[in-house]
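What follows is calculated from the coordinates using simple rules that are stated; it is not laboratory data. Bear in mind that the values here come from a model prediction, so they are computed numbers and not experimental data. Quick reminder, even Gly has a Cβ in these numbers, built from the backbone with ideal geometry, and neighbours come from all protein chains shown.
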Amino acid sequence: MSVARVFLALLLAASPFAARADDPVTPETYAGRSDVEGFIRDLVTRHAFDAGELEAVFSRARREDGVLAAMQAQPRQLDSWEAYRALFVNERHVKAGLEFWNENRAALARARARYGVPEEIVIAILGVETFYGRNTGRWRVIDALTTLAFDYPPRAQFFRGELENYLLFVRDLEIDVFSVKGSYAGAIGIPQFMPGSYLRYAVDFDGDGTTDLRGNAADAIGSVANFLRGHGWRRGEPVQRRASVSGAGYEALVSSSLLPSSTIGALRAAGVVARGPALPPDMPAMLLRLDTPERPADFRVGLQNFYVLTRYNRSPFYALSVADLGDALRAARRASRGAALREHPQEELPGR
């Protein structure tokens, strides 16, 4: 046996996949199913997993009907933009976000310097995803991903890929496969990374030798910023601009795509004015119309960084809620620092 195979055997003997006495075998087992057996064979061939250990895992993974119900309900996004936005852009999220900013200002500033992503955007993502780490999910990730990989046909291919990534993740970090909890979709930790994103973008941002998105705020901050940069974040550019429209020419430019496939100049020529400091006419842009029943539409111009935010979640409502919460956090921080300076004009305030 080669040295590599001996090492692998010793590693698996310690086993993040080992069965535990407190993990009861469920009546509805995944062991013995032909699709699961084929999945196991594939992982053995491509990643040198131990077939017996994977069979033990799938004999203990539970089908979760609650996961399927949540997944089937998930596409029914709120029709009202204002109702969706109000879930996240509110006093509760701003107050808790400022507390998170104060507690983690050094890591946030380092992430801005290294990756080019402003503090308020990273904080807003963590606020929308898990309320700054307070709500990281209650489902065993192995159960959620196995259920979706083998009993949710519309996205089975995607979730089999994420199940494979999860098994690699727990093997690489020597984590008990049954111990990790997350969302109904199998997202993990403070930033709710899917296992594939965890493998590709998670970083040990505090240099303690481990990459921990479940309990380490610094690692979560650095990893979110790394994810956004990896998807094309542009340092110094805004996410979006509020817009006013006139005439009827703009209607043909309202986009159902998330890509900024027009330009600021083309939008301006069609009667769309992006508010705020002038943007270059050749800057890629798109026009969004956000509807709320019985209220005038909210028009926004989305830019490249808006598109990057939709790589985290493919919803324009999500991306714009992150942007608006970020704006609210930045404004509240400036106001609080201004008040502190007025009260203590001789004191130097830490951080930016």
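Details
- Per DSSP, loop trypsin sites (Lys or Arg not before Pro) in segment 36-112 with at most 15 further Cβ within 10 Å: Arg76
- Excluding exposed DSSP-loop GluC sites (Glu not before Pro) (at most 13 other C-beta within 10 Å), longest clean stretch of the chain: 29-173
- Choice from Ser321, Ser246, Ser262 showing the highest fluctuation, given a GNM over the chain with Cα pairs closer than 10 Å: Ser246
- The charge dipole of segment 240-302, taken about its Cα centre with unit charges on the Cβ of Lys, Arg, Asp and Glu (plus for the first two, minus for the last two), comes to roughly 180 debye.
- Mean-square fluctuations from a GNM of the chain, with a 10 angstrom spring cutoff on Cα atoms, peak among Ala106, Ala48, Ala31 at Ala48.
- Selection from Leu126, Ala106, Leu259, by position along the positive dipole direction of the chain (Cβ): Leu259
- For the chain, the longest principal axis of the alpha carbon atoms and the long axis of helix 217-230 meet at an angle near 70°.
- Acute angle (nearest 10 degrees) that the helix 91-103 long axis makes with the longest principal axis of the chain, alpha-carbon atoms: 70 degrees
- Assigned charges on the beta-carbon of Lys, Arg, Asp, Glu; the chain dipole about Cα centre (debye): 1100 debye
- For segment 250-289, trypsin sites (Lys or Arg not before Pro) meeting the loop criterion (DSSP other than H, G, I, E, B) and having at most 16 other Cβ atoms within 10 Å: Arg275.
- DSSP-defined beta bridges in segment 240-302 - what % are antiparallel, rounded to 5: 95 percent
- Shape of segment 278-341, Cα gyration tensor, a/c cut at 1.5: prolate
- The ratio of the alpha-carbon radius of gyration of the chain to the globular-protein estimate 2.2 N^0.38 Å is 1.13.
- Karplus-derived HN-Hα couplings along segment 249-261 (A = 6.51, B = -1.76, C = 1.60, θ = phi - 60°), whole Hz, x at Gly and Pro: x, 5, 4, 6, 9, 4, 9, 9, 8, 9, 7, x, 8
- Here, P(r) means the percent of Cα pairs in each 5 Å bin from 0 to the largest distance; for segment 240-302 it is 4, 20, 33, 27, 12, 4, 1, 0.
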